[in-house]
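The block underneath contains the structure these notes are about, expressed in structure tokens.
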Amino acid sequence: MFKRKRARGSANIEVLVAASIVLAVIGVLSSMVPRLGNVWKASRNNQLANHELANQLERLTTIPESQLSQALENLQVSSDLRDALHDVVLGHQLLDDANGRRIVLSIDWERIVDAKPITMVAWLPIQKKNGEEQVKTETRGAP
């Protein structure tokens, strides 16, 4: 009967196509790995900065009003954060306006890309003046 000749060379083409696809995927993945590492590091640094601001604000809101300005002047970044972030700077403001009395803390450090500093705000508790509350509440009777 008839014998079919096997086409030689088609397997070689298939191997060549598969190898080129694998090399293309490896090339794309190898360029993404450093970028993913940078994203992970930036995310970790942002989380550390947020925790630092939250801890500082929690501590500052428990300090008595008479010692608050002195505590703000002596405000420093924790040693752990100073070791983790390069050129870290902690800024502060004490604001008192129509929105209430509040502390605004901001933190900035040297990053790969330019970014705005991270900022957090904490409102201070309302202080009583001469035994009276500053905030007046209104009561209404039933109609």
When R101, R35 are ranked with the fewest other C-beta atoms within 10 Å first, the list becomes R35, R101
Proxy exposure order for E52, E110 (fewest C-beta within 10 Å first) is E110, E52
Between the modelled labels at D87 and E65 (7 Å from Cα along Cα→Cβ) the distance in nm is 4.0 nm
Between A18 and R35, the two model label points (7 Å from Cα along the beta-carbon direction) sit apart by a distance in nm of 2.9 nm
On the formula 1/(1 + (r/R0)^6), with r taken between the Cβ atoms of H51 and V25 and R0 of 22 Å, the FRET efficiency rounded to 0.05 is 0.05
When H92, H86 are ranked with the fewest other C-beta atoms within 10 Å first, the list becomes H86, H92
One finds, for L94 and K116 with R0 = 30 angstrom and r their Cβ-Cβ distance, a FRET efficiency to the nearest 0.05 of 0.90
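Rule-based calculations on the coordinates, nothing more; no lab input. Remember, predicted model here, so these are calculated numbers, not experimental data. Cβ coordinates were reconstructed from backbone atoms using ideal geometry, including for glycine residues, and neighbour counts include every protein chain displayed.
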